[in-house]
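The structure appears right after this line, and notes come after that.
The values are calculated or read from the model by the stated rules, or taken from the named source; none is laboratory data. Remember, predicted model here, so these are calculated numbers, not experimental data. Cβ: placed from backbone, ideal geometry, glycine included. Neighbour counts: every protein chain shown.
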């Protein structure tokens, strides 16, 4: 028997029936689900110091359990001494089991470690059922040892759902354990 992540089991057994009851869906296929989670870390200082980029790739790989990809600039910007093709960030897209495992660690271990946390803003929705929010420090993740961090940087996390409306996505993510502001 293969391993099934805890949040996937919770989605199938608890969340789907609650959402069907709440939004009066006629079919299980209408119930929104999480498609993918995208993590992005912009590192402008990588132009000057390549060690920052290497440590960012290593940290993102440790956080997600998947190899990070280096983002390169698409255009030249002379004011920033930026040329086309220079590395400017790190990104990862998680799907399937790794996505559920990351979401589980994010809600149960990482978010509670944020200082002065009052909840994720409801303004992070894009109108199509996707949520984007920022994390100011990567050291909130238990996989990161603060003594080995070269530079503290933040990251953007985007949770892409199949929901058509923000209200549906909000209910879905709230059931998954995302702490929203009251």
Every residue from the range 108-153 that is touching a residue at least 12 places away in the same chain (Cβ under 8 Å), under 19 Å from residue 40 (Cβ atoms) and not in a loop (DSSP other than H, G, I, E, B) | 110, 111, 120, 125, 131, 132, 133, 134, 135, 138, 139, 140
Filter result (closer than 15 Å to residue 39 by Cα and modelled with pLDDT under 90) within the range 65-103 = 65, 70, 71, 88, 89
In this structure, is residue 51 at pLDDT 90 or above and surrounded by fewer than 17 Cβ atoms within 10 Å (Cβ to Cβ)?
-> no
Qualifying residue in the range 77-89 (condition: part of a helix (DSSP H, G or I) and closer than 30 Å to residue 11 by Cβ) | no
